[in-house]
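What follows draws every value from the coordinates through simple rules; no lab data is involved. Just so we're clear, the structure is a prediction, and the values are computed from it rather than from any experiment. Cβ coordinates were reconstructed from backbone atoms using ideal geometry, including for glycine residues, and neighbour counts include every protein chain displayed.
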């Protein structure tokens, strides 16, 4: 029997939405930008031309893919990155299933990752990223279905170890270590505003996701990269605000930036 040389990420989330709305959320650019990436564009299939989607997280971090399986509202499959070892395509395969009570289960299989221990960090980073993004999607449908959104990002290299920066971030937010989903935070911004809300996702000392009450239950997310004891840390943070509060998304992002400044 041939030993399998790749491994898959398999995740599922139950959403308060119809299968048709969930299908649009993973295929239409304006919907994708409400939970996955700040910029996205898509084109539907047209005759012999397959559907396409372009997604960007900022300069140098964009990708465009042809959607190989486009079967509304049940399934979507398209390339999503490359195997770090073999450079072969990875694939994101989304399946959508209606459930009782008007909810829908969205399943993701992100396949093709190398099995070697040298690629554990790559696999784990993708898995954490997808878990956080699916939490964004769950929040969108639960609190802001069909509302317009502003999705803004911030990236920086901070001269601090990841462990120290994480501890400082928790201290500024008034959170105990380790933080847990549901924990309340309180943050005094440099402008004197007070932000409150709750943690709705956390992963070790790497990812912290907040729901901010003062911005209409907007999302404020922090992801830290680098070894825990390295002298510097890469920070990727973003804010997603919905409805009328989307006009204040830049204010929220500025507050998040101040929370991870050294």
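A few notes on this one:
- Under 17 Å from a label point set 7 Å out along the Cα-to-Cβ vector of residue 43, the amide N atoms of the stretch 51-70 belong to 51-56, 63-70.
- Helix 120-143 and the longest principal axis of the Cα set of the chain meet at an angle near 80°.
- In plain terms, the residue of 120, 46, 93 with the fewest other Cβ atoms within 10 Å comes first and the most crowded comes last, giving 46, 120, 93.
- Computed log10 I(q)/I(0) for the stretch 211-262 at 0.27 Å⁻¹: -0.98, from the Debye equation with unit scatterers placed on every C-alpha and solvent omitted.
- Where a label projected 7 Å from the Cα of residue 227 along Cα→Cβ would reach, residues of the stretch 183-210 with amide N under 20 Å: 204-207
- Per-residue Cβ neighbour rank within 10 angstrom, fewest leading, 53, 194: 194, 53
- For the chain, the longest principal axis of the C-alpha atoms and the axis of helix 162-173 are separated by about 70°.
- Extending 7 Å from the Cα toward the beta-carbon at both residue 68 and residue 125 defines two label points whose distance is 2.4 nm.
- A quarter of the convex hull surface defined by the alpha-carbon atoms of the stretch 92-175 gives 9.2 nm² as the mean projection.
- For the stretch 149-259, the spread of Cα positions along the three principal axes, ordered from largest to smallest, is 41, 25, 24 Å.
- Chain lengthening between residue 117 and residue 5 when straightened (0.36 nm per residue, less Cα-Cα): 39.2 nm
- Ratio of Rg to Rh over the stretch 36-104 (Cα coordinates, Kirkwood Rh, two decimals): 1.04
- The alpha carbons of the chain give a radius of gyration and a Dmax of 18.8, 64 Å, in that order.
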